[in-house]
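See structure below.
The values are calculated or read from the model by the stated rules, or taken from the named source; none is laboratory data. Note that the coordinates shown come from a computational prediction; the quantities given were computed from them, not determined experimentally. Methodologically, a virtual Cβ is constructed for each residue, glycine included, from the backbone with ideal geometry; neighbour enumeration extends over all protein chains shown.
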Amino acid sequence: MSEKKKRPVSKSKTQDLLERRAKAEAGGGPERAAAQRAQGKLTARERIALLIDDGSFEETDLLVETRATDFGLDQKSLPADGVVTGSAKINGRPVCVYAQDFTVLGGSLGLAHAMKICKVMDLAVAAGVPVIGLCDSGGARIQEGVESLGGYAEIFFRNVQASGYVPQISAILGPCAGGAVYSPALTDFVFMIEGTSHMFITGPEVVKAATGETCDFESLGGAQTHAQRSGVCHFVAGSEQDCFRQIRELLDYLPQNCREAPKAAMASDDPRRESDLLERVGELDAAKPYKIHDVIREISDGHQFLEVHKRFAPNLVCGFLRLDGEPVGVVANNPQSLSGALDIDASEKGARFVNFCDAFNVPLLTLVDVPGYWPGMEQEHGGIIRRGAKLLYAYARATVPKVTVVLRKAYGGAYDVMSSKHVRGDLNYAWPCAEIAVMGPQGAVSILYKAELKAAKDPAKRRAELVAGYVETFASPFQAAKRGYIDEVIEARKTRPKVIRAFRFLKGKKVQRLPKKHGNIPL
Ligand code: HXC
C-alpha cells in the first residue's frame, strides 16, 4: 500500500468564518476600547447590548469593508467599517439599530459605513419598526471625500422618507460634527449625555476664526446647551446606561409605525379616581401659580409622566402619560414659567410634539392655563407671528382624538390655539374657575374704560369696580359654555375620570383630510 500523501492542515470553513467574525467584532481592538472607556464612553457593542432585550441582536453586514483606497485606506483594517448594524427587540418588540464605533477611525463615515446604516433604515421601513441610531463619530471620513458626503445625504433622504412612518430616535454618545448633525435633527427624538455628547456644525476653532467668539465643546454644543437653549435635544441622561433606560421607556409609549395604535398597558390605576389636589388647584386664587406637573401626574395612571424637552421652553410642558393603560400625549401651559404664556420656543416645541403624536396615532390631552402670547420686541422681531403660527397649524391639522381641559385662563389668540373647539378639539371641558375671554380683566378695563378712568375722582376705586364687573360678565367659562365652545363645565376633582371616558369614546375617530399633496406649515 502506497504511503498516504500528507495534506497541509487547512482550517475548516466554519473555523474560518468564526475567525473572520471575531476579527470584525473586535473593532479597533482592546487599546482603543480602553481609551474609549477612559473617556467614560462604552463601546458600540456594549451600547447595543445595554439598549436591547438580552440576546435579541441579529447583526447585519458584520463583514462589510470599505473599498476605498486613497490615503492608504487599503492598507488599514477598518472592522465592520466602523458601525455595528442590525435588528433586535426592545420591550419584546422588534427595532432596527445602528451604533457607530469610535474605535475604528473615530467612527468616521465612509461610503460602506453609510450604506450599512441605509440598509437597516430600509429594513426598518419595510418591517415597520422604529430605528435607533447610536452616534459617536468624527463625521465624514475625510479620506473618502465626496463619497462620504453622498453617504450622509443617502441617510438624510431616508430619514425624511421614514419621518412619520416609523419612529426614529438618535442618541448622541460622543462627537457629532458638521452636516452629520442633520440626521439626528431629522429624527423624532434626540438624546444626549451630560459631559460626553457634543453636536455642532462648526467646531470651536472655526467659530473663533470666523467670528472671534471663544467657546469650548461643552458651551458650544453640549447636552445642556442643546437641551435648554437650542432645543435640539429632547432628553438628557446622566450616563449611557440612563440614556438607554430612557429610550426603552419612551419606546413603550409609541407604536411600531404609523399604521398601528400605540401599545396599551395593563390598566394600573382606578379610572374613576377623583382628586382632592385638583379640587384645591381649582379653588386657588387666580394669581397664584401651581405646579402643572402635579396636575398632569394627578390625572395620569400611577402618577407617571415622561416629559419631553424638559429643559426647553418650560412655559409649555409636553410629554407622555397613560390613561386607563392607553398612551396619551399631553400639552400643558405652565403658570410657573412666563405665567404660562406662549412664546416662540414654546410654539415650536408644542408644534413638533403635536405633529409627532398625530403622525403616530397618540391621542392628545391639552391642559390650558394661558394668559396669551408673550409680548415684546424680541419676540416680534424673532418671528412670533410666523413661528407662533406653527402650533396653531399643528393643532388644526391633527386628526387624532383631542380632549381639552381649560383649567384657569384661556385668553386671546392663545385660547384659539390651545386645541379649542374651533381648531377641532373633539371634547372640550373647563373647570368652574376657568376664565375664557379676549384678555384678562385688568388689560380689558384699561382699554374699554380709558377715558372714564382718567376722569374718575378715585381711579383705583373705579378700576376695582369695573374689573369686578368684567370678571362677573366675561372671566368665567359660562360665556363659552353658553355658545357650545365648551362641551361641559366639570368639577376639577373629576378631571381624570372625565378625560378617560372622553378618550374611550373617541377611540374610533376617523377623519378624512382634503386630498392634496401636503400643506404648507409656516417654517
Ligand atoms: C477620518 C477621522 C475623522 C474623520 C477622526 N478621525 N475624525 N478620520 N475622518 N472625519 C480619526 C483620527 O484621525 C484618529 O485616527 C481617530 O479617528 C480618533 O480621532 P482623534 O482625533 O484621535 O480623537 P479625539 O482626540 O477624541 O477627537 C475626536 C474628534 C476629532 C473631536 C472627533 O477627531 C475631530 O475633530 N475630527 C474631525 C471632525 C470633523 O471636522 N469632521 C468633519 C466634519 S464635516 P488615528 O488612526 O490617528 O487614531 C462633516 C461633513 C458632513 O462631517 C457633511 C454631511 C452633509
Practice problem: Answer yes if at least one residue in region 513-521 is more than 30 Å from the chain's Cα centre (by Cα) and charged (D, E, K, R), and no otherwise. | Solution: no
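Determine whether region 31-45 contains at least one residue that is more than 30 Å from GLY238 (Cβ to Cβ), surrounded by 17 or more Cβ atoms within 10 Å (Cβ to Cβ) and in contact (Cβ under 8 Å) with a residue 40 or more places away in the chain. Spell out the reasoning first.
The first filter runs over region 31-45 and keeps only residues more than 30 Å from GLY238 (Cβ to Cβ), leaving none.
Checked against the condition, which is being more than 30 Å from GLY238 (Cβ to Cβ), surrounded by 17 or more Cβ atoms within 10 Å (Cβ to Cβ) and in contact (Cβ under 8 Å) with a residue 40 or more places away in the chain, region 31-45 yields no hits at all.
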Quiz prompt | Scope region 52-86; condition part of a helix (DSSP H, G or I), surrounded by fewer than 16 Cβ atoms within 10 Å (Cβ to Cβ) and of a type outside the set (S, T, N, Q); matching residues | solution = ASP70, PHE71, GLY72, ASP74
Self-check item: region 105-133 - residue that is in a loop (DSSP other than H, G, I, E, B) and more than 16 Å from the ligand (Cβ to nearest atom) and, of those, surrounded by the most Cβ atoms within 10 Å (Cβ to Cβ)
Solution: PRO130
Quiz prompt | Residue selected from region 163-180 under the condition of a type in the set (Gly, Ala, Ser) and within 20 Å of GLN100 (Cα to Cα), by the criterion farthest from the ligand (Cβ to nearest atom) | solution = ALA171
Practice problem: Could you tell me whether any residue of region 80-95 is closer than 20 Å to GLY27 by Cβ, within 25 Å of the chain's Cα centre (by Cα), of a type outside the set (S, T, N, Q) and within 10 Å of the ligand (Cβ to nearest atom)? | Solution: no
Quiz item: Before we move on, is LEU277 of a type outside the set (S, T, N, Q), at pLDDT 95 or above and surrounded by 20 or more Cβ atoms within 10 Å (Cβ to Cβ)?
Solution: no
Quiz item: What residue, of ILE436, ILE486, ILE490, ILE521, is out of contact with any Asp or Glu (no Cβ under 6 Å at 6 or more places or on another chain) and surrounded by fewer than 19 Cβ atoms within 10 Å (Cβ to Cβ)?
Solution: ILE521
Quiz item: Restricted to region 134-151, and to residues that are more than 20 Å from ARG67 (Cβ to Cβ) and not in a loop (DSSP other than H, G, I, E, B), which residue is nearest to the ligand (Cβ to nearest atom)?
Solution: CYS135
Practice problem: Check region 446-454 and report whether any residue there is closer than 27 Å to LYS390 by Cα and buried (at least 17 other Cβ atoms within 10 Å of the Cβ). | Solution: no
Quiz item: Failed condition for SER197, given (1) within 16 Å of the ligand (Cβ to nearest atom); (2) more than 20 Å from ARG248 (Cα to Cα); (3) free of Cβ contacts under 8 Å to residues at least 60 places away in the same chain; (4) crowded, with 17+ Cβ neighbours inside 10 Å, with all others met?
Solution: (2)
Quiz prompt | The one condition in (1) more than 14 Å from the ligand (Cβ to nearest atom); (2) part of a loop (DSSP other than H, G, I, E, B) that ALA49 fails to fulfil | solution = (2)
Quiz item: Are there any pairs, at least 6 apart or on different chains, whose C-beta atoms fall under 6 Å, with the first in region 170-182 and within 14 Å of VAL83 (Cβ to Cβ) and the second outside any helix (DSSP H, G or I) and near the ligand (Cβ under 8 Å from one of its atoms), and if so, which?
Solution: GLY174/PHE102; ALA180/GLY139
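Each row is one residue, and each column tells you yes or no for (1) within 30 Å of PHE360 (Cβ to Cβ); (2) part of a loop (DSSP other than H, G, I, E, B).
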site	(1), (2)
HIS381	no, no
GLY388	yes, no
VAL400	yes, yes
GLN442	no, no
GLY484	no, yes
Practice problem: Look through region 490-523, keep the residues that are in a helix (DSSP H, G or I) and of a type in the set (Gly, Ala, Ser), and return whichever of them is nearest to ALA434 (Cα to Cα). | Solution: ALA492
Self-check item: Where LEU220 falls short, out of the listed (1) part of a loop (DSSP other than H, G, I, E, B); (2) over 30 Å from ASP53 (Cβ atoms)
Solution: (1)
Self-check item: Among residues of region 87-104, those that are without any contact (Cβ under 8 Å) to a residue 40 or more places away in the chain and either among the basic types (Lys, Arg) or buried (at least 20 other Cβ atoms within 10 Å of the Cβ) (or both), counted
Solution: 3
Quiz item: Of all the strands (runs of 3 or more DSSP E) wholly in region 251-336, which have at least 2 residues that are touching a Cys at 6+ places or on another chain (Cβ under 8 Å)?
Solution: 306-308, 326-333
